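To start, the structure under review is shown below, and the notes come after it.
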């Protein structure tokens, strides 16, 4: 693209120590794959520890499969979380961009990295993920940006979540050094069987140890050595002789370990975990001296360290971010952090509260730029970062200088991951507009922290302008915001497909007296609409009418044609029991069907009603 | 083969185009750009061909480990597993290699095509987004063979299935039928409210003036002079006078959508002889025009004209997105003999991707496949079921690459190598883009085009071993009707694991007979009514523990085998069918009684943790039929909505009651209320209702006495 005679921007960059880049397409974002991952780690670590904030941005293989799976204004935080959870569990992260940055007055100093990920099953254990879903539209869009799928799949960095790592450790059956926690200090009374067991093992160990230390062995023939090995059950551990003692229970493990303490001058006990958890055997390794013993212990430690590093892969970076405890800036935090939690921490918990608690342990401060935006005023339909930046540029004078210190980028190919830098830029702008930037760098971090704290950890806020769908289907809704209680919302389905909200509203208007009062209709997808009643209580009247025999007139006609209605609690049940049918109408039908045969039905509805009455969702005005 | 590796890698890496050098295997790579030309040439090749070999590359095989093919798969379960795989994964490469016997050269001529395919959502169809599953290991496997994912996603040929096409056409039809007057109505009710603010009113007034000015000028011109209104055309190019369908019209440019709405309102309110239209222009961006109409009937005519045109456009774009399906339609309409290697899954993929959703049962599937493809031959079956060929294969494995190297060494190694004239060999020449070659290096395994080529070569050679003389075979005769092949046509492995073969033309299922010497049945005959599936047991229990645990209750010969479905579930095969219900009854009662006595029961070890569930084989089938795929079977069962712990079965000989009971069960999917009613129903339905309860009690009793004796 760059003509030959023109010095490429990359070349220039490599000569200066600092560059200020305003054109997003020239931002030097370091692209990281399997090949340069290890060598970049220490550099990233330094940048993370010296930064004020860390921006993250993900490129996933999809987000929502059906229109109604998208998080929308009629979602409560709970249903929004369940939708995000469903997506996070199915789709995959292909690119993970992180950008540690510093804010200095009107300057953002950023160190962007873009990691290419692929969930390769390095250990042949079906991890990190057995399979994942791709949405063709996402892949096509990535292809348009010039994304290299071959690099990603051949050379992407794999990873394991924390939860997976701990199961892997057990399953790999690598010998573990005995730490003091596993040694129980209390010595329970020995039964006869125990004593017999110990004595038998002790004599075997003694025998074996003597045979090994016996210098005569060296002169023996190979055949004899190998015979001896078979007879004594000795084997090699690295270069050292070792012996495996089979155990049948955790108690025997304790007994063996206790017994081995008598030989602690030269023997190092190791625990061989069983595949299904627990212990398979205890291995005693013979060392020649105290020094050798320490050496062995160190060897074991480095071995474990290397192994862990290999197993963790990209999660090393997540761990670094988590360990730094720096505030994290994201653009669509609910979406991004459900993905992060499910891929790098542990499977997602069943509800939002547990999710927030679990996430907070790893990332204490998460700031969503969308939430900051809300303090500025009614910014509508800002799902796109570039559009938001342009919007702010027109309205506020808050110039932000982007400084991206040189990172020699050997990869002359396409540069991906611009979004993360844009998030930094947007965040910088917002901070300056909202005056939460410290004027001087010297001012303490505390000030910043307290100012930022106000915005942290809000994943899904009710006046959710940022979450507002930009689809045409909600055209005709004006922009006044009003909170609507879930109680006043009724889901309607079973009408002719491809009906418009306007026609449906007309049809309803004359059908029953509840529709004499103000109400509004909005399509959720082609199969289902929501009706919002202006006056409290009418929704219940309507639902009761729908279920009674007294239904009459035009409404009866519509019901006979298949019209159905359900309250918000049915929708919540759809989300919580994972009925992710492609049409919401089918999902609601299923939820009703499974609900009808539950004996505790009455109990459950009562509960959700209590829950609902405190629950407000944000809907556009009626 | 391995030694040739570096060359092939280089080839793949550097030549993404279709150029073929002598060093590499000549293969025609087809992508979006050269699809149309490739299709027309392929059409001729297929029409002239004696048979067509095919091969597919997919993004995965099994959506969960427990969906893998097992020896314990009954044929209907096997079909459900294949169905699941074909529905979830995508086909990303399709190899088609038509083979034609050339009597002059006394050799086969083949034209191996390698299509990269990738379904894009090109039509604005509503509903779910197109998505597919990727199995991580399969992707890694493809990567190992240097699969070019970029070629596939960036430049792959898209397609529409017949069903999708029908749906899209229907959608177009209904759109252009409905929209007649609806759109005007709905517009009115929403938009009338907008004229409340002053700027809007002023703008509307201005537009009204301009339009009447234009209209006045137009009428004046028609009456008198022919000059165009200069004053009007000057106004910023926003109003451009054009001719639309032989009528004078204004094309509106540079207005905001809100302004366009206001103009639309003005036109409708004040001008009887103007019509506002929104049409899609040549370069697919929409154009807003105001057309002069002479009368109401003229308006109707105009509307109809525009609508018809739009409809045709829409239909054209649907036709244009059929894409790769043309190849499948070609294969189907030519009724040629299709040759594949272990191709049941391939056929299922072809069906679900290019025809429509897979039927619910294997029988329906088979009969409709037979309609679309009347003659299919599977080389893997051919090699295994014929003794002559087995001899030729020297009992080696019947994997494609192995069969190829054993049966066609002269082709596998390239013709330039010394002729191994030990066996009569069929000559094969490759022609790509009118360049023939009989000289090449081996291609890349697991590239669909090359795999299809290998399959075809194996088939040709196998035919010759079977005594089919191509020299005497007249070109008009269909190879599928050859009597030496007839017994092999339309047989497919339903499952390679247990050698079950299905006949596509009759629907009959047979177990592999001839090859049984190679495949010793490790397992005794599997009786599905003797099988219980158990899941959710403590993770440290292994097959052996479970066997021991159950044997303690029913005796050492009661359990024939315990087979791990995955780490969370096992099949337990009992020696007799009635033990299934006995076991389930016993387990059910143990679930309910949580007293110290049941804790001492030998089964308690299995039930530890309280999450152990058990049911008959039918439940396993039900779980397999779900569209959900969780990695672990226990999670899957939960996701399918199973909340009970034990599903009792009726005695198997009462077939009549079978149905009624099943219905009852279907309703009672909930445990707490279900368990009770189910038991009650047992009493109602079965005559010896006490039987099941009694037998389990007996067992418990006998156990206690034994226990007592020991103490």
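The values are calculated or read from the model by the stated rules, or taken from the named source; none is laboratory data. Everything quoted here is computed from the prediction, not taken from an experiment. No Cβ is skipped: glycine too gets one built from the backbone with ideal geometry, and neighbour counts run over all protein chains shown.
Below are the figures for this structure:
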{"quantity": "Selected residue [within 20 Å of residue A:69 (Cβ to Cβ), away from chain B (no Cβ under 12 Å), modelled with pLDDT under 85 and surrounded by fewer than 20 Cβ atoms within 10 Å (Cβ to Cβ)] from A:544, A:618", "calculated": "A:618"}
{"quantity": "For residue B:169: the one exception among (1) modelled with pLDDT of 80 or more; (2) facing chain A (nearest Cβ under 10 Å); (3) more than 30 Å from residue B:29 (Cα to Cα)", "calculated": "(2)"}
{"quantity": "Residue match in the range A:82-90 (condition: in contact with a strand residue (DSSP E or B) (Cβ under 9 Å, 6 or more places away or on another chain) and within 14 Å of chain B (Cβ to nearest Cβ))", "calculated": "yes"}
{"quantity": "Residue B:521 modelled with pLDDT under 80, part of a loop (DSSP other than H, G, I, E, B), away from chain A (no Cβ under 14 Å) and under 22 Å from residue B:618 (Cα atoms)", "calculated": "no"}
{"quantity": "Residue check for residue B:110: farther than 30 Å from residue B:26 by Cβ and either crowded, with 20+ Cβ neighbours inside 10 Å or within 14 Å of chain A (Cβ to nearest Cβ) (or both)", "calculated": "no"}
{"quantity": "Some residue of the range A:194-206 being over 48 Å from the mean Cα position of the chain (by Cα), assigned to a helix (DSSP H, G or I), more than 17 Å from residue A:261 (Cα to Cα) and at pLDDT 80 or above", "calculated": "yes"}
{"quantity": "Some residue of the range B:91-102 being in the same structural domain as residue B:360 (by the TED database), free of Cβ contacts under 8 Å to residues at least 12 places away in the same chain and closer than 21 Å to residue B:323 by Cα", "calculated": "no"}
{"quantity": "Subset tally (residues that are closer than 23 Å to residue A:114 by Cβ and either part of a strand (DSSP E or B) or more than 13 Å from the chain's Cα centre (by Cα) (or both)) for the range A:72-93", "calculated": "2"}
{"quantity": "Qualifying residue in the range B:556-565 (condition: under 22 Å from residue B:67 (Cβ atoms) and within 14 Å of another protein chain (Cβ to nearest Cβ))", "calculated": "yes"}
{"quantity": "The range A:138-151 - residue that is under 17 Å from residue B:133 (Cβ atoms) and in contact (Cβ under 8 Å) with a residue 24 or more places away in the chain and, of those, farthest from the other protein chains (Cβ to nearest Cβ)", "calculated": "A:138"}
{"quantity": "Only one of A:128, A:119 that is under 24 Å from residue B:144 (Cα atoms), modelled with pLDDT of 90 or more and assigned to a loop (DSSP other than H, G, I, E, B)", "calculated": "A:119"}
{"quantity": "Given (1) touching a helix residue (DSSP H, G or I) at 6+ places or on another chain (Cβ under 6 Å); (2) assigned to a helix (DSSP H, G or I), number of the condition residue B:42 does not satisfy", "calculated": "(1)"}
{"quantity": "Residue that is farthest from the other protein chains (Cβ to nearest Cβ) [pool: residues in the range A:107-128 that are touching a residue at least 60 places away in the same chain (Cβ under 8 Å) and more than 22 Å from residue A:330 (Cβ to Cβ)]", "calculated": "A:123"}
{"quantity": "Residues within the range A:55-71 that are assigned to a loop (DSSP other than H, G, I, E, B), out of contact with any strand residue (DSSP E or B) (no Cβ under 8 Å at 6 or more places or on another chain) and within 14 Å of chain B (Cβ to nearest Cβ), tallied", "calculated": "2"}
{"quantity": "Filter result for residue B:384 (modelled with pLDDT under 80 and surrounded by 14 or more Cβ atoms within 10 Å (Cβ to Cβ))", "calculated": "no"}
{"quantity": "Members of the range B:465-495 that are modelled with pLDDT under 80, part of a loop (DSSP other than H, G, I, E, B) and within 30 Å of residue B:72 (Cβ to Cβ)", "calculated": "none"}
{"quantity": "Residue in the range B:569-590 that is free of Cβ contacts under 8 Å to residues at least 24 places away in the same chain and over 38 Å from the mean Cα position of the chain (by Cα) present", "calculated": "yes"}
{"quantity": "Selection status of residue B:529, at pLDDT 85 or above, in contact with a strand residue (DSSP E or B) (Cβ under 9 Å, 6 or more places away or on another chain) and surrounded by fewer than 19 Cβ atoms within 10 Å (Cβ to Cβ)", "calculated": "yes"}
{"quantity": "Residue check, residue B:97 facing chain A (nearest Cβ under 9 Å) and not in a loop (DSSP other than H, G, I, E, B)", "calculated": "no"}
{"quantity": "Subset of the range B:129-163 (residues that are over 20 Å from residue B:83 (Cα atoms), at the interface with chain A (Cβ under 8 Å from one of its Cβ atoms) and assigned to a strand (DSSP E or B))", "calculated": "none"}
